[in-house]
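Read through the structure below, which is laid out as structure tokens, and then see the notes.
The values are calculated or read from the model by the stated rules, or taken from the named source; none is laboratory data. From a predicted model like this one, the values you see are computed outputs, not experimental measurements. So basically every Cβ, Gly included, is an ideal-geometry build from the backbone, and we count neighbours across all protein chains shown.
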Amino acid sequence: MIDIRGLREDPALVKELLGRRGVESSIVEELTALDAAYRDAVSARDELRSRVNETSRRVAEAYRNKEAAEAERLKEESRRLGAELEVVAAQATDLEGRRKDLWLVIPNVPSPDAPVGAGEDDNVVVRYWSSDGGSSVEAPDLDYPAHKRVPHWDIGVELEILDLERGAKLSGSMFPLYKGMGSRLIRALTSFALDAHADSFLEIRPPTFVKRETMISTGHLPKFADDAYQMERDDLWAIPTAEVPLTSMARDEILEADQLPLRMTAATPCFRREAGSAGRDTRGLLRLHEFDKVELMVYATPAQAQEMHIEILSRAEALLRQLGLTYRVLDLCTGDLGASSRRTFDLEVYAPGVDRWLEVSSVSWFGDYQARRANVRYRTEPGGGVEFVHTLNGSALAWARVIAAILETGREADGSVTLPPVLTPYLRGAARIPVPEAEI
RNA sequence: GGAGAGGUGCCAGAGUGGUCGAAUGGGACUCACUGCUAAUGAGUUGACCUGGGAAACUGGGUCCGAGGGUUCAAAUCCCUCCCUCUCCGCCA
């Protein structure tokens, strides 16, 4: 949730910044109006409640003084005030609910540093990286031989490591089934990444299904309910990313300043209905209802947040470099920013077979937007006041698309795939995926 | 799933209708004493909403697992739900 006090103080600024991401100023004005009405109602309710309380106190007093008649009279008065209170309180409750409903669906105020733009075409490429060219603001040479211009779904069938038809048989399209080296590759990548972060990130294995409140904390509900899988009977939701459970780890808690920054990492499956993109990218591993991902998440003080943002980004990039994959870093423009985010960098790997840049990581700084929803605070100093923490997270990394890029990038002329050497120790020494011998 | 016990402040723990935001102990913080640490003494110590104030501070309201109800009045009585513990059952 945005800082509603900040909104009261400077509505023009909030309107301006939210306008950059396409939020109508009338919506902000509506929240301002509801907020004012809510506060009036609360004052009226509290004043009346105060009188009821006072009257009740006098009832007790009257009884103590053995003034039964006076007590009866006060009880009658209190009853009358109570009836009045009920009406006023109902109004306050109604306004509070309407204010909260609107408050919850208003997206975060973007960072003034985020590039202004309408949509993904306006994202800014910060840099490219390739194993040949290193880091550069110039796009690398994307000149690949024909044998690398084969889509991973064909490679997957050829090498017998992907069986999307059987995945579809079991669960429907966009639920992949990996086998053999395909399956092992996910395990290897997961171990590789978790080990890479083990120096300073606490490894967590969170639950995969979470309560409604947990989804609300990160901003995935109520607005984006259509994108999530729900177990209706128990009102549990399948996590779309480990960000969801990790961000709620400290929900309703007050952390000590010396615990921050608090870094965590988790490998989990991620579930997405992809409701808005039916029919797009239905082939292969480009867009899936279920995929595995390693996530990094940090609780930080506002002062630490920027530095943590860079640290997460660096870690995600380091993995891609070690895997030898060509990638680029995008600074998302205000129009493409996720609803909860203040600023986001996306990492996209280049997959030569499908000739596309694939998003494999999204590194976001949420400010206190999620912390306010999740009520995660910290004590600024021992015995001092409390403030909301800042939350940040980033994938490091989402494996399905990384695997697509590895297969396409590593494909040799004979059809086998050479794997990134860093994975060899995690693959019982295997350095490549051979072409299966033809059956006789 | 069945039976029982229980959920109170940072922690432990008292409190069965009004004087309870809540005893007491511990912790933490501040001050004093001490060369330092420890010990001792005194004091302070919640979060949230809303109003006043530049601020220090201050008025009102809410919060004793959650939500409803009874009552002039609920931590305390009633109902529903959630969670924890013990035993039984089941199970990887």
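A few notes on this one:
- Selection within region A:46-61: residues that are under 15 Å from residue A:83 (Cβ atoms) and more than 7 Å from RNA strand B (Cβ to nearest atom). The member of this set that is surrounded by the fewest Cβ atoms within 10 Å (Cβ to Cβ) is A:51.
- A single member of A:435, A:376, A:389 is modelled with pLDDT of 95 or more and β-branched (Val, Ile, Thr), and it is A:435.
- Residue A:336 being part of a loop (DSSP other than H, G, I, E, B) and closer than 15 Å to residue A:125 by Cβ: yes
- Looking only at region A:214-242, and only at residues there that are in contact with a helix residue (DSSP H, G or I) (Cβ under 8 Å, 6 or more places away or on another chain) and modelled with pLDDT under 85, the one that is nearest to residue A:312 (Cα to Cα): A:222
- Options A:349, A:244, A:294: the member that is in the same structural domain as residue A:212 (by TED's automatic domain parsing) and closer than 18 Å to residue A:217 by Cβ: A:244
- Filter result for residue A:192 (in a loop (DSSP other than H, G, I, E, B) and assigned by TED's automatic domain parsing to the domain that holds residue A:279): no
- Residue that is modelled with the highest pLDDT [pool: residues in region A:243-271 that are among the aliphatic types (A, V, I, L, M) and in contact with a Ser or Thr (Cβ under 7 Å, 6 or more places away or on another chain)]: A:267
- Looking at A:360, A:349, A:389, A:402, just one residue is within 16 Å of RNA strand B (Cβ to nearest atom), surrounded by 24 or more Cβ atoms within 10 Å (Cβ to Cβ) and not aromatic (Phe, Trp, Tyr), and that residue is A:389.
- For region A:103-150, a tally of residues being touching a Lys or Arg at 6+ places or on another chain (Cβ under 8 Å) and either of a type in the set (Asp, Glu) or part of a helix (DSSP H, G or I) (or both) returns 5.
- Cβ pairs under 7 Å, 6+ apart, first in region A:289-300 and over 14 Å from residue A:193 (Cβ atoms) and surrounded by fewer than 24 Cβ atoms within 10 Å (Cβ to Cβ), second of a type in the set (Asp, Glu) and at pLDDT below 95: A:289/A:274
- Among the candidates A:30, A:86, A:61, residue that is within 30 Å of residue A:10 (Cα to Cα) and either charged (D, E, K, R) or at pLDDT below 90 (or both): A:30
- Flag for residue A:391 being in the same structural domain as residue A:181 (by TED's automatic domain parsing), assigned to a helix (DSSP H, G or I) and touching a residue at least 12 places away in the same chain (Cβ under 8 Å): no
- Counting residues in region A:33-42 that are under 24 Å from the mean Cα position of the chain (by Cα) and either more than 12 Å from RNA strand B (Cβ to nearest atom) or without any contact (Cβ under 8 Å) to a residue 12 or more places away in the chain (or both) gives zero.
- Candidate set: region A:408-440, residues that are of a type in the set (Val, Ile, Thr) and not in a loop (DSSP other than H, G, I, E, B); chosen: the one farthest from residue A:351 (Cα to Cα): A:424
- Residue list for region A:230-252, restricted to those being over 18 Å from the mean Cα position of the chain (by Cα) and over 14 Å from residue A:373 (Cβ atoms): A:231, A:232, A:233, A:234, A:235
- Meets criteria (more than 20 Å from residue A:362 (Cα to Cα), within 16 Å of RNA strand B (Cβ to nearest atom) and in a helix (DSSP H, G or I)) for residue A:166: no
- Every residue from region A:15-32 that is of a type in the set (Asp, Glu), without any contact (Cβ under 8 Å) to a residue 60 or more places away in the chain and surrounded by 13 or more Cβ atoms within 10 Å (Cβ to Cβ): A:16
- Failed item in (1) surrounded by 13 or more Cβ atoms within 10 Å (Cβ to Cβ); (2) within 30 Å of the chain's Cα centre (by Cα); (3) of a type in the set (Gly, Ala, Ser); (4) assigned by TED's automatic domain parsing to the domain that holds residue A:417, with residue A:114 passing the rest: (4)
- For region A:62-74, the candidate set comprises residues that are near RNA strand B (Cβ under 8 Å from one of its atoms) and surrounded by fewer than 16 Cβ atoms within 10 Å (Cβ to Cβ); within that set, the residue that is nearest to residue A:94 (Cα to Cα) is A:63.
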